[in-house]
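Participant: Here's a structure for you.
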Amino acid sequence: QTEDAFIVERIKAKGGIILGKANLSEWAYYFCNGCPLGYSAVGGQTLNPYGRGVFETGGSSAGSGTTMAANYAVAAIGTETSGSIISPSSQNSIVGLKPTIGLLSRSGIVPISSTLDTPGPMTRNVIDNAILLSAMTGEDDSDISTKDNPKNVKYWEDLKSVSLKDLRLGANKEFLEDSIYNLTIEKIKSLGATVVVFEPEAINFEGFRTLLNGDMKVDLPSYLKNYAGSKVTVTSVKDVAEHNLKDTLQRAPYGQGIFEGIIAEDISEEDFKKLKMRFLKEGRNFFDTPLDDLKLDAILSINNYNAGHAAMAKYPCLTVPMGYKESGEPISLTFTVKSFQEDKLLKIGYAFEQATKVRKVPVGFE
């Protein structure tokens, strides 16, 4: 489970009330190979309100996603490295925002990667998302990534200032094979938006796990040193793995294959730096080429299909419900823009949400 101490204090300072912490499976998901989404050794298996035990919850901020879908709270916070806000938000038919890396503090969050980690708001509608994001912003001396970031922005103001008629959006040609995405694109066009179909460049994801492993090998000891209580005696990934071996049934029922990979990871500091720079360049080119060449306001995707690309680019994503499959499983439209364009992103998402209004409350959770 994770808690961003800096953000919690900012929310309290602005009059917000923290009701509790939902089950997040960040470590379960970046801990074992093949473990089910939404599983936590602390809270057990999280279930999707749209199909309990039928549909996946999405990972790894599954507790936040299902809590929103089930109407248990007004808003929730998730954390993402690559898809962990967008995925459960899409699977649970809610609005999820993965912000630009550096917009929000990561202080107090159990880390996977200091390069890619970020918290973000998860809500049932765009305006609540904008309100919570506004409360979460601020520069944190303990997180250098937040230095000189946008702050004190009232993201909920002027949401209505953008209309679909004002927008020029990019649709991935490959995704048009999905009938709901295709129908949504046609709906957006009928409402006045200009939609340009494009074929994105391919990205080489080789080494992505190495990036995460290398970061966590350093970031976890730093987190334990700065935030662990006096009763916590582990100081490294290796220590945690050895601790789990003492009771695998309770602590690691699906094994800890990813942790084993982290322990074995061996890459020089120079090669690690080059790897980060390559991913940042390729990730940004993936979005910048169509955004710039086609003069687009945003790229349209499905669920978390391009979450890895956005993670590498450090770009923000907003996912908004766009419908349900014949089985009843939710599916969402995800918007991506360039760094620190959250204001624009939320306005685009709000215009789409208000023009379509497709979200349904899960049966039994009205």
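The values are calculated or read from the model by the stated rules, or taken from the named source; none is laboratory data. What you are looking at is a predicted structure, and each value in this text was computed from that prediction instead of being measured. Note: ideal-geometry Cβ built from the backbone for every residue, glycine included; neighbour counts use all protein chains shown. When the accessible area is computed, the model is the full protein with side chains, heavy atoms only, and any ligands, DNA or RNA have been set aside. Shrake-Rupley method; radii C 1.70, N 1.55, O 1.52, S 1.80 Å.
Participant: Please enumerate the residues belonging to the range 259-304 that are over 20 Å from the mean Cα position of the chain (by Cα) and closer than 30 Å to residue 44 by Cα.
Facilitator: Correct list: 259, 260, 261, 262, 263, 264, 265.
Participant: Restricting the search to the range 113-136, which residues are open to solvent by less than 10 Å² (accessible area, probe 1.4 Å) and in contact (Cβ under 8 Å) with a residue 40 or more places away in the chain?
Facilitator: Within the range 113-136, 113, 116, 119, 120, 121, 122, 123, 126, 129, 130, 133, 136 qualify.
Participant: If only one of 42, 74 is surrounded by fewer than 24 Cβ atoms within 10 Å (Cβ to Cβ) and in contact with a strand residue (DSSP E or B) (Cβ under 9 Å, 6 or more places away or on another chain), which one is it?
Facilitator: 74 is the lone residue from the list that is surrounded by fewer than 24 Cβ atoms within 10 Å (Cβ to Cβ) and in contact with a strand residue (DSSP E or B) (Cβ under 9 Å, 6 or more places away or on another chain).
Rundown of residues vs (1) modelled with pLDDT under 95; (2) more than 20 Å from residue 128 (Cβ to Cβ); (3) in a loop (DSSP other than H, G, I, E, B); (4) open to solvent by less than 40 Å² (accessible area, probe 1.4 Å), yes/no style:
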site	(1), (2), (3), (4)
299	no, yes, no, yes
311	no, yes, no, yes
318	no, no, no, yes
328	no, yes, yes, yes
332	no, no, no, yes
348	no, no, no, yes
358	no, no, yes, no
362	no, no, yes, yes
366	yes, no, yes, no
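Participant: If you don't mind, there's one more thing I want to ask. In the range 188-243, which residue that is among the acidic types (Asp, Glu) and in a helix (DSSP H, G or I) is surrounded by the fewest Cβ atoms within 10 Å (Cβ to Cβ)?
Facilitator: 242
Participant: Using beta carbons and a limit of 6 Å, which pairs, at least six apart or on different chains, have the first residue in the range 269-283 and closer than 10 Å to residue 211 by Cβ and open to solvent by less than 60 Å² (accessible area, probe 1.4 Å) and the second one in a helix (DSSP H, G or I) and modelled with pLDDT of 95 or more?
Facilitator: Correct list of pairs: 272/214; 275/211; 279/312.
Participant: Still on this structure, I have one more. So residue 173 clears everything in (1) touching a Phe, Trp or Tyr at 6+ places or on another chain (Cβ under 8 Å); (2) open to solvent by 80 Å² or more (accessible area, probe 1.4 Å); (3) at pLDDT below 95 except one condition, right? Which one?
Facilitator: It fails just one condition, (3).
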